[in-house]
Amino acid sequence: MRYWILLFIGVHFFNANAQGKKSNGKKNAEILSVTKPLNDSQIRWYDWMEIQALQEKNPKPFFVWIYADWCSHCKDFKDSTLQDTAIIKKLNSGDFYPVKLNFEDKRTFIFKNKSYQWIAATDEKMAHNELALAMMNNVFGLPSFVFFDKDSHVLQDVKGYKNSTDFKIISDYFLYEKYKTQDWNNYVKNIKQNNNISKESDETVCK
């Protein structure tokens, strides 16, 4: 009996032409010249504000890791998956832009000609940034990974903790445009055959 990896993720498509406020040439140059990491990790993370300028100057696929400081699964992802040397090398490859966005970021963002703001907590809703929730298709789940093509169109959002193997399989599919030539099931089937992935490994991708 064959076992297939099923990826239970909410698919949503929306034309996302990332458009921020126009920055002057000097400001763009300053943004593009940043080489130090945004934090003390070994990964060069980009900020959402940087992506607006980068996609105009040098468009590439990118993904946004949406997290919260209080999220235990986000911490697990940071302390395990992001410590894998192969993952660090991939994220620093320059083939795409890795972006971090705090679910509770208090800044105002412009995306697709729409303004997104921080929303304070109420009895019915937790504090959040409207952009982060919109990227998640208005369905909460942390951590979330939102994949974009080089034209800043959303391809997919993936929710939940992912170990290094699962994260590599998923991110390669979207960031290296394998979705253009293979559907998900065939893509996973080929990986299983080439890497002798077991049933147990299959199930972790579904989690």
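Quick note: the coordinates plus some simple rules give every number you see, no bench work behind them. Predicted, not measured: the structure shown is a model, and the values here were computed from it. Every residue, glycine as well, gets a Cβ built from its backbone with ideal geometry; the counts of neighbours run over all protein chains shown.
Okay, here's what the table says:
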{"item": "At most 16 other Cβ within 10 Å, DSSP loop - chymotrypsin sites (Phe, Trp or Tyr not before Pro), region 68-106", "result": "W70"}
{"item": "Zone of Q42's modelled label, taken as backbone nitrogen in region 55-82 under 13 Å from a point 7 Å along Cα→Cβ", "result": "80-82"}
{"item": "Order of Y46, Y179, Y97 under a 10 Å beta carbon neighbour criterion, fewest first", "result": "Y179, Y46, Y97"}
{"item": "Top positive-direction residue, dipole computed over region 25-206 with Cβ charges, set I119, P98, T81", "result": "P98"}
{"item": "Residue order, fewest to most beta carbons within 10 Å, for S171, S93, S80", "result": "S93, S80, S171"}
{"item": "Convex hull volume of region 25-206 per residue (C-alpha atoms, cubic angstrom)", "result": "135 Å³"}
{"item": "Rounded FRET efficiency, nearest 0.05, which uses the C-beta distance separating E56 from R107 and R0 of 25 Å", "result": "0.80"}
